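This report refers to the structure that appears directly beneath it.
The values are calculated or read from the model by the stated rules, or taken from the named source; none is laboratory data. Since the model is a prediction, treat every value here as computed from it, not as a measurement. No Cβ is skipped: glycine too gets one built from the backbone with ideal geometry, and neighbour counts run over all protein chains shown.
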């Protein structure tokens, strides 16, 4: 009889004990019965006899129902990492294990991959396909020379397959479509099977076979570009340290060739037959990134993001775990992909907030990646044009190695930024006359223009012209956004919606007007201002659908659209070779935010968006519309760039003892009764009041104070010492949990928070 400690996906910060007649390897999934529910847990500890220091009653230990895995899902190093995640982010270990598994494996299904459909040479041809024998000179191959595509495919299969390892052809196997789309087609395969050149059969790829795909003999790949001096310094500096742990910050202006640096370093890692994990902030960046990496290396690239089905994610996870994929590109959750031969981690656009999970397990993928790299003794690369101040501080203090790329790749020049003062100016659809004239100039030259406005919908508010009453979401006490195309009012906080009112709900008047500008309204306005040009709107409303964004990006690069209008989706890493003019609208709101990180985020946003202009041979320029032209942040950013702004902002943070010169944890509470949440947070503050080198701010209302009829307040815990902060929070977690259960309110812990919403 074995006693097992099982991590069960429930919101309780402990493991639960079960029995089993026989040994169970740590890291395996088991089916258990928990409080009249059937759950899937992970074994994290096991004993033949109950240790003396553990108060476990063996009579109360239920037996597990079954062991679900033949081999452990998590090896000991992964179990240790996930335990660190649970401890650091103060989250139940069972839910951490649950989050690290693909959704399909959270159910009671096998973790083993299903057989794939593959092709290989017919047994007769395979028998003569021996080293030193030119099979292309045999009769069947000579006959095929009259069908060039069939001949190319047959030669490829002959070169790439072994007797027990067919070449995968099924869609889920991810054949490299970038260079095999035309040659590797179903009609060609069918024709060769009929001619008895190829045969079909199911198989499971062996462990570690991805390297056999590298550099196919019959297909040409894009060659590496010649790096400039700055790129060469970064490439040589990092490749010289591939055998050890190190954090490398590549701070390169937009268009400076950071991706080419990644590619040349990755090539060195792949040549060592190691795997590489690349994290990107948005789903929209994966298609162009995957295409470029496949074309360069000629191997299958695994893709992981929330837009895939459960089975698609499971397939990539299984192949990565069996070392059948050399490259994995994914968003935040891809950090939990088990890569047995992991040799390097790259985090592109490391400044992006999407790497931080904002609910449930509130982990930061960047920090988990660094801990994973440290445990595996491998390098991790952080790349961005606008590093967050925490990363920049560590680089400047010598904890990270710092490389800068100040020149754009090729002949591209940095786009200058101009400020347009819109005070006392008549505006057409939110655009000043100066802005409209510049847009017309660039469009007339045959170029593309990009207009950024961070408000989707038609208008952010609908109000009564008689009494001034604004239509609000009753659950959030915030104005509802008018979406004209859907003909409805939507709350962008809780997603509640209703039909647009015909009369004011306060005074009954029918004089309702829209206030403010959104992407839908601006799209209509641009169609009136520039009717001869095609406008495309890119926001979360218009880009729904699996391939909509990638298809739209492709259409833009084919110059089917001349005016690009959108929200932050446009600001993240896209390369538009023909965009020469960027207009940024309505940035003033962030200049006066209560969040101390708001200036940093605004500076990053402006820098990233302005970097979309002039990325090829054509010079570009950026126009920033504002009512605060003399604001120090804007002046510093325009005249000195993000690097100077960030270093000055670090000095301000140091004087104010704010992160990165201190460490914060936010405890949030919410309830329909605001007094109950205040009472709870006051109790938590009392638990911390006498702890040295620890400051407690609050309770304070969150920046979004009310959401879905629940009032939200927060307590900010801050210390100059990370370990002290961690110990203080750990010491009070049990009391916080017990008191929250007593009051029956929701609460959460956010370690290293990035906002106060």
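A few notes on this one:
- Strands (runs of 3 or more DSSP E) (entirely within segment 674-757) containing at least 2 residues that are without any contact (Cβ under 8 Å) to a residue 60 or more places away in the chain and either assigned by TED's automatic domain parsing to the domain that holds residue 367 or touching a helix residue (DSSP H, G or I) at 6+ places or on another chain (Cβ under 8 Å) (or both): 695-707, 710-719
- Residue 548, sole failed condition from (1) closer than 22 Å to residue 349 by Cβ; (2) surrounded by fewer than 17 Cβ atoms within 10 Å (Cβ to Cβ); (3) in contact with a helix residue (DSSP H, G or I) (Cβ under 9 Å, 6 or more places away or on another chain): (3)
- Every residue from segment 239-265 that is surrounded by 23 or more Cβ atoms within 10 Å (Cβ to Cβ) and over 30 Å from residue 622 (Cβ atoms): 265
Yes or no, residue by residue, for (1) at pLDDT below 75; (2) crowded, with 16+ Cβ neighbours inside 10 Å:
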{"residue": "173", "(1), (2)": "yes, yes"}
{"residue": "178", "(1), (2)": "yes, yes"}
{"residue": "183", "(1), (2)": "yes, no"}
{"residue": "186", "(1), (2)": "yes, no"}
{"residue": "192", "(1), (2)": "no, yes"}
{"residue": "206", "(1), (2)": "yes, no"}
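- Taking the criterion of being part of a loop (DSSP other than H, G, I, E, B) and surrounded by 13 or more Cβ atoms within 10 Å (Cβ to Cβ), the residues of segment 486-506 that qualify are 486, 491, 492, 493, 494, 496, 500, 501, 504, 506.
- For segment 503-533, the set of residues classified as out of contact with any strand residue (DSSP E or B) (no Cβ under 8 Å at 6 or more places or on another chain) and within 17 Å of residue 459 (Cα to Cα) consists of 524 only.
- In segment 1-50, the qualifying residues are those that are over 17 Å from residue 82 (Cβ atoms) and out of contact with any strand residue (DSSP E or B) (no Cβ under 9 Å at 6 or more places or on another chain), and the one that is surrounded by the fewest Cβ atoms within 10 Å (Cβ to Cβ) is 36.
- Residue satisfying condition, being under 20 Å from residue 313 (Cα atoms) and either touching a helix residue (DSSP H, G or I) at 6+ places or on another chain (Cβ under 6 Å) or at pLDDT 85 or above (or both), within set 91, 17, 98: 98
The rows are residues; the columns are (1) part of a loop (DSSP other than H, G, I, E, B); (2) over 30 Å from residue 703 (Cα atoms).
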| position | (1), (2) |
| --- | --- |
| 544 | yes, no |
| 551 | no, yes |
| 570 | no, no |
| 575 | yes, yes |
| 580 | no, yes |
| 599 | no, no |
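- Single unsatisfied condition, residue 449 versus (1) modelled with pLDDT of 85 or more; (2) in a loop (DSSP other than H, G, I, E, B); (3) in contact with a helix residue (DSSP H, G or I) (Cβ under 7 Å, 6 or more places away or on another chain): (2)
- The lone criterion from (1) touching a strand residue (DSSP E or B) at 6+ places or on another chain (Cβ under 9 Å); (2) surrounded by 13 or more Cβ atoms within 10 Å (Cβ to Cβ); (3) modelled with pLDDT under 70 left unmet by residue 119 is number (3).
- Being without any contact (Cβ under 8 Å) to a residue 24 or more places away in the chain and farther than 21 Å from residue 387 by Cα holds for only one residue in 614, 620, 589, 566, and it is 589.
- Going through (1) at pLDDT below 90; (2) touching a strand residue (DSSP E or B) at 6+ places or on another chain (Cβ under 9 Å); (3) over 30 Å from residue 406 (Cβ atoms) one by one, residue 306 falls short only on (2).
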